[in-house]
Amino acid sequence: MKNKNILITGGLGFIGSHIADELMDDNHITIIDNLSTGNIKNLKNPENDNLKIVKEDIRNSNLKELTTDIDYIFHLAAMASVPLSVENPIECNDVNVNATVELLKAAADNGVEKIVFSSSSAVYGENRNMPLKETEPLMPTSPYAASKASCELYLKSFHDSYGLNYTALRYFNVFGPKQDKNSQYAAVIPNFISALLEGKQAIIYGDGEQTRDFVYVGDVVRANIAACKSDFNGVVNVASGEKLTINRLYEIVKDTLGSDLEPDYQPERLGDIKHSLADVSGMENIDLKIDSKDFEKQLSETVNWFKTIL
């Protein structure tokens, strides 16, 4: 992808900054971010001539102006926390749903070629029909999950009503460098790493036998770009297609760091799901494959990054 005008909402955050880094040398990038969880330090080269940063909340920005002459939008700005959405469901809806509808209207009015939306596996809820296919019924168990499911429906409706092309990517548990250890979003890996590096017990919520499908942030970046280039309109799981218990994950992190600390088990968190595993065959629709064999290497790279900041 070259010489395109690209808007990245939430572009200073964990995933958004990785996308920006990948694309900014060959494209014109505009980032809008309110810095609630994002940080300019996440960018490799914030002084790049191809980069414009708008430090505003998407809810208070002139989206019609922001989307003028834009080819593609990567929409990542969101309240990306299950616990926070349970505490503040109205704000979650305002940030995640209302702002998205405003962005879609502006994009449709300005003839944006495509929007790639960051959705979540949380939309599946406690659906036990593993591995989860994109055609499964949505069963959100938290306001956060409900907001993402709502956005997916709005995306389809804007495609049907206005011809706005889209792909909604349902991320499973994303990990990698730049992930905020204080974030509530899929933050189990950075929490484990940072706790053990600081010589503290890591917290496991519940019995640790819950399973997750982890995917490296570099693969998520590839998924976003592949979705942008593709003609596919619809929903795609982005995951490794492999399940791992939280207990086993802790053992791998512990062994990687050479620690002998045992975890601190705490009560389950409200809104958390027990098991999650993706059917990844749908990634063929955007011509993408993810190799789950790289997990331990990717985890090691993540550990090494955390060592540089702690």
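Scanning region 222-270 for residues that are within 30 Å of residue 137 (Cβ to Cβ) and charged (D, E, K, R) turns up 222, 229, 231, 242, 243, 248, 268, 269.
I'd like to know if region 213-231 contains one or more residues that are polar (S, T, N, Q), crowded, with 17+ Cβ neighbours inside 10 Å and modelled with pLDDT under 95.
There is no residue in region 213-231 that is polar (S, T, N, Q), crowded, with 17+ Cβ neighbours inside 10 Å and modelled with pLDDT under 95.
Take the conditions over 30 Å from residue 156 (Cβ atoms), out of contact with any strand residue (DSSP E or B) (no Cβ under 8 Å at 6 or more places or on another chain) and part of a helix (DSSP H, G or I) and apply them to residue 296. Does it pass? Criteria met by residue 296. The strands (runs of 3 or more DSSP E) found entirely in region 1-106 that carry 3 or more residues being surrounded by 20 or more Cβ atoms within 10 Å (Cβ to Cβ) and free of Cβ contacts under 8 Å to residues at least 60 places away in the same chain are 28-32.
What about residue 147, is it of a type in the set (Ser, Thr, Tyr) and touching a Cys at 6+ places or on another chain (Cβ under 9 Å)? Considered against the rule, which asks whether it is of a type in the set (Ser, Thr, Tyr) and touching a Cys at 6+ places or on another chain (Cβ under 9 Å), residue 147 comes out as yes. You will find that of 155, 132, 84, 164, the residue that is closer than 30 Å to residue 244 by Cα, among the hydrophobic types (A, V, I, L, M, F, W, C) and at pLDDT 95 or above is 132 and no other. The lone criterion from (1) of a type outside the set (Phe, Trp, Tyr); (2) over 20 Å from residue 167 (Cα atoms); (3) touching a Cys at 6+ places or on another chain (Cβ under 9 Å) left unmet by residue 50 is number (3). A count restricted to region 107-139 and to residues that are over 16 Å from residue 173 (Cβ atoms) and buried (at least 23 other Cβ atoms within 10 Å of the Cβ) stands at 5. Among the residues that make up region 255-264, is at least one of them over 22 Å from the mean Cα position of the chain (by Cα) and farther than 24 Å from residue 297 by Cβ? Checking region 255-264: at least one residue is over 22 Å from the mean Cα position of the chain (by Cα) and farther than 24 Å from residue 297 by Cβ.
Pairs linking a residue in region 282-310 that is hydroxyl-bearing (Ser, Thr, Tyr) to a residue that is part of a loop (DSSP other than H, G, I, E, B), with Cβ atoms under 7 Å and 6 or more positions apart or on different chains, are 292/240; 292/241; 292/242; 302/176; 302/177. Residue count for region 252-267 under the criterion of being surrounded by 13 or more Cβ atoms within 10 Å (Cβ to Cβ), out of contact with any Leu (no Cβ under 9 Å at 6 or more places or on another chain) and not aromatic (Phe, Trp, Tyr): the result is 1.
Checking the structure you have, find out if any residue of region 167-189 is in contact with a His (Cβ under 7 Å, 6 or more places away or on another chain), modelled with pLDDT of 95 or more and buried (at least 23 other Cβ atoms within 10 Å of the Cβ). No, that holds for no residue.
The values are calculated or read from the model by the stated rules, or taken from the named source; none is laboratory data. These numbers come from a predicted model, not from an experiment. Cβ coordinates were reconstructed from backbone atoms using ideal geometry, including for glycine residues, and neighbour counts include every protein chain displayed.
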